[in-house]
1. Please find, in a Gaussian network model of the chain (springs between Cα atoms separated by less than 10 Å), the residue of Met23, Met87, Met31 whose mean-square fluctuation is greatest.
2. Calculate for the chain the 222 nm mean residue ellipticity that helices alone would give, adding -39,500 (n - 2.57) per DSSP H run of length 4 or more and normalising by residue count, nearest 500 deg cm²/dmol.
3. Give Lys250/Lys275; Lys20/Lys150; Lys20/Lys108; Lys193/Lys232; Lys96/Lys193 a once-over and call out the pairs whose C-alpha atoms are over 25 Å from each other.
4. Please label the shape of the range 51-140 as rounded, prolate or oblate, based on the square roots a ≥ b ≥ c of the eigenvalues of the alpha-carbon gyration tensor (a/c under 1.5 means rounded; beyond that, a/b larger than b/c means prolate, else oblate).
5. Which semi-axes, in whole Å and largest first, does the equivalent ellipsoid of the range 184-280 have when worked out from the alpha carbon gyration tensor as the square roots of 5 times its eigenvalues?
6. Treating cross-link reach as a plain straight distance, find the lysines whose alpha-carbon is under 22 Å from the alpha-carbon of Lys270, omitting any fewer than eight places away in the same chain.
7. Going by average Cβ density within 10 Å per residue, which order do the peptides 50-56, 262-268, 75-81 take, highest to lowest?
8. Which residue, Pro188, Pro136, Pro261, tops the fluctuation ranking in a GNM of the chain built on C-alpha contacts under 10 Å?
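The values are calculated or read from the model by the stated rules, or taken from the named source; none is laboratory data. As the structure is a computational prediction, the values presented were derived from the model and not from experiment. Glycine gets a Cβ as well: all are built from the backbone with ideal geometry, and neighbour counts include every protein chain shown. What goes into the accessible areas is simple: the full protein's heavy atoms, side chains included, and nothing from ligands, DNA or RNA. Shrake-Rupley method; radii C 1.70, N 1.55, O 1.52, S 1.80 Å.
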Amino acid sequence: MERKKIMIGDLRAKKREGKKITMLTAYDYPMARIVDDAGIDVILVGDSLGMVVLGYDSTVPVTMDEMIHHSKAVRRGTRSSFLIGDMPFMSYQVSKEEAVRNAGRFLKEAGCDAVKLEGGDEVIGATRAIVDAGIPVLGHLGLTPQTVSKLGGYKVQGKDRESALKILDQALRLESAGCFAIVLECVPDKVAKIITERLKIPTISCGAGPYCDGQVLVTYDMLGLFDKFVPKFVKQYLNVSSLAKDAIEKYISDVESGKFPAPEHTFTIKDEELKKLKKK
Ligand code: KIV
C-alpha cells in the first residue's frame, strides 16, 4: 500500500502523541528508494555526504552545487518521506539575502520540503529570513560539524551547567525564530531530555540519547558502508562494506577461473545463423 506523504504536521503530531520520529540520510537515488520504501519519516540529504561519499576530510568543502546535485537524485527516489536539504558551510552565513536565495534553490531546483542550518545565535537572523520566505527550517545544535575547529574537535557539547543552559537558550531562540524541529548532536541524554521537555517543536537526536522526539543517523554509518570511523552513538545494523568486499573478491575469482559468465549470463544466436556467419 502506498504510504501517504509525510508533512510537518505529521512530525508535530508524533511529538504530541509521544511517537518517535525516524530520520536517516540519503545522498543518491538507490539509497533514497530503499530508505523511503522502508517507511522512514524524514530523509536528510546531509552535508555529511562530503565525508561519506565524496571523500573530503570534513563537511567544510561541500558546495551548494554538490548539495543540489545530490538532493535532486534523492528527490527522484523519494515518494513519501519528508525531504530535507542540508545547507553547506558558507551558504547562509554571508547575508540573509544569500541564505534565502540558497535555501530557495533546495526547494525550487531539488524539490526538497525544507532545509537544515547549523548553529544558534549566529543563525537566528538567517533562520527567520528563510522561514519568512516560506521555507521550513530544521535547526541543528550541540556538535555542529561545519564549525568543528571553533568547537575544538568532534566533542560532546553541553557537559557542564553553563554550556547546557546555552544550548537550551539557543534551542528556545531557534524555536521562536520559526524552526519546525531541531537536531541535537552529541549532547548528554539528560540535557537533551530537558530541552525536549521545554520545546514545543520536536527534537531529533544524533547522539543525544533516547529522550528526544526522534532519532537520526547517517545511513552509511548504520549500514557499515563508511568505516573510516564509527561514532560511539552509531548502532551498526549491517556491515555492507565487508559483504560487498566478499562479493567483489568472489567476482574476481569467478572471472579469473572462467566461472563467470555462465550460460545464463550469455546471449547466443541460433545455430543456422551461426553457420551463415561462418560461411562469410
Ligand atoms: O550532515 C548530516 O548528515 C547531519 C546529520 C547527521 C544530522 O547533519
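1. Met31
2. -13000 deg cm²/dmol
3. Pairs exceeding 25 Å: Lys250/Lys275; Lys20/Lys150; Lys20/Lys108; Lys96/Lys193.
4. oblate
5. Values: eigenvalues 636, 53, 11 Å².
Its equivalent ellipsoid spans semi-axes of 56, 16, 8 Å.
6. Lys278, Lys279, Lys280
7. Working: 50-56: 17.3, 262-268: 6.7, 75-81: 19.1.
In descending order of packing, they fall as 75-81, 50-56, 262-268.
8. Evaluated over the chain, the most mobile residue of the options is Pro261.
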